[in-house]
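The values are calculated or read from the model by the stated rules, or taken from the named source; none is laboratory data. The structure displayed is predicted, hence computed values, not measured ones. Cβ placement follows ideal geometry from the backbone for every residue including glycine, while neighbour counts extend to all protein chains displayed.
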Amino acid sequence: MIRPIRLRRKRVLIDIDTQKDLFLASGVACVRNHRRVLMNIRRVLAWARTKHVRMVSTELYKPGKNGDKYCIAGTKGQEKISYTLRKRRVEFQADGCTDLQRDIFIHYDQVILNKRCEDPFDEPRAERLLTEIKADEFIIIGGLAEGAVSATVLGLLQRGKHVTILVDAIGTHDRHKADMAFRKMKAKGAILTESRTYAGSTHLKTAGICDCKLCRMKEKPSQFQTSIGA
């Protein structure tokens, strides 16, 4: 019998598909308001390091067939944003296997799971890890709200996990679809809040990774206002 993975932590940060194609202006499919989202992601990652919060990260890669346009395997755009990477990390390819060491979170601060589709629960190893982790709270950042984030959150909720979504650290392509997705996740039991709930305010003035004119500006971004009701 496969022994369950041990994680003696109250919180786990789930970092979903924070890749260059999706979050940088030069990316093939950059999200809306990428500067604001990147700054919030950067702040949350700094908080996670300070508080020693373990991370599970997903990384989408596509073979470049059937009209695939972004996160193509082997391209720069498929790479994760540099400050989403922890020093003590381990990465697994999407190979259909389920093998994972039982004490993985003793040796590593971050587990990166490659996946071939939006839903991580369609990948055996990712499904096992996300199902077996024992934690009081799963905190969600990344993108897309209407795609991988929704699939991940709903999968966690179906498995009885307590999920908190930091809505101002979530990227989207379609605001209307994202709003509908947030409402559905909330109706299923997810908690919606902003990054300042955990990471507080910040002195950061730039996104720190994107070279576009907007991201190089020094003005403090306006506060994110979610359209989802309390």
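Of the conditions (1) of a type in the set (A, V, I, L, M, F, W, C); (2) surrounded by fewer than 16 Cβ atoms within 10 Å (Cβ to Cβ); (3) under 12 Å from S57 (Cα atoms), I106 satisfies every one except a single condition; which number is it?
Here I106 clears every test but (3).
Could you say whether any residue in segment 127-144 is among the hydrophobic types (A, V, I, L, M, F, W, C), touching a His at 6+ places or on another chain (Cβ under 9 Å) and farther than 25 Å from R102 by Cβ? Before the answer, list the steps.
Filtering segment 127-144 down to residues among the hydrophobic types (A, V, I, L, M, F, W, C) leaves 129-130, 133, 135, 138-141, 144.
Keeping just the survivors that are touching a His at 6+ places or on another chain (Cβ under 9 Å) gives 135, 138, 144.
Checking which are farther than 25 Å from R102 by Cβ leaves us with 144.
Checked against the condition, which is being among the hydrophobic types (A, V, I, L, M, F, W, C), touching a His at 6+ places or on another chain (Cβ under 9 Å) and farther than 25 Å from R102 by Cβ, segment 127-144 yields at least one hit.
Looking at segment 83-112, which of its residues are at pLDDT 95 or above, under 22 Å from G208 (Cα atoms) and among the hydroxyl-bearing types (S, T, Y)?
T84 - this is the single residue of segment 83-112 that is at pLDDT 95 or above, under 22 Å from G208 (Cα atoms) and among the hydroxyl-bearing types (S, T, Y).
Within segment 8-61, can you find the residues that are surrounded by fewer than 20 Cβ atoms within 10 Å (Cβ to Cβ) and at positive phi?
Across segment 8-61, the qualifying residues are N33, H52.
Examine segment 62-69 for a residue that is surrounded by fewer than 19 Cβ atoms within 10 Å (Cβ to Cβ), under 17 Å from the mean Cα position of the chain (by Cα) and in a loop (DSSP other than H, G, I, E, B), and state whether such a residue exists.
No, segment 62-69 has no match at all.
Select from segment 168-189 the residues that are closer than 14 Å to G147 by Cα and buried (at least 22 other Cβ atoms within 10 Å of the Cβ) and list them in ascending order.
Across segment 168-189, the qualifying residues are I170, G171, T172, A178, A181, F182, M185.
Which of the following residues is within 22 Å of F182 (Cα to Cα) and hydroxyl-bearing (S, T, Y): T75, T152?
Going through T75, T152 in turn, the sole match is T152.
Just to be sure before I move on: is P120 farther than 24 Å from R36 by Cα and within 14 Å of the chain's Cα centre (by Cα) in the structure I sent?
Yes, satisfied.
Residue by residue through segment 109-124, note down the ones that are crowded, with 16+ Cβ neighbours inside 10 Å and not charged (D, E, K, R).
Q110, V111, I112, L113, N114, P120, F121
Does segment 70-83 hold any residues that are among the aliphatic types (A, V, I, L, M), out of contact with any Ser or Thr (no Cβ under 6 Å at 6 or more places or on another chain) and part of a loop (DSSP other than H, G, I, E, B), and which are they?
Residues of segment 70-83 among the aliphatic types (A, V, I, L, M): 72-73, 81.
From the residues that got through so far, the ones that are out of contact with any Ser or Thr (no Cβ under 6 Å at 6 or more places or on another chain) too are 72-73.
A73, the sole residue that qualifies.
If the Cβ limit is 8 Å and pairs must be 6+ apart or interchain, which residue in segment 44-55 that is part of a loop (DSSP other than H, G, I, E, B) pairs with which residue that is buried (at least 22 other Cβ atoms within 10 Å of the Cβ)?
Hits for this filter: V53/V12; V53/L13; V53/I139.
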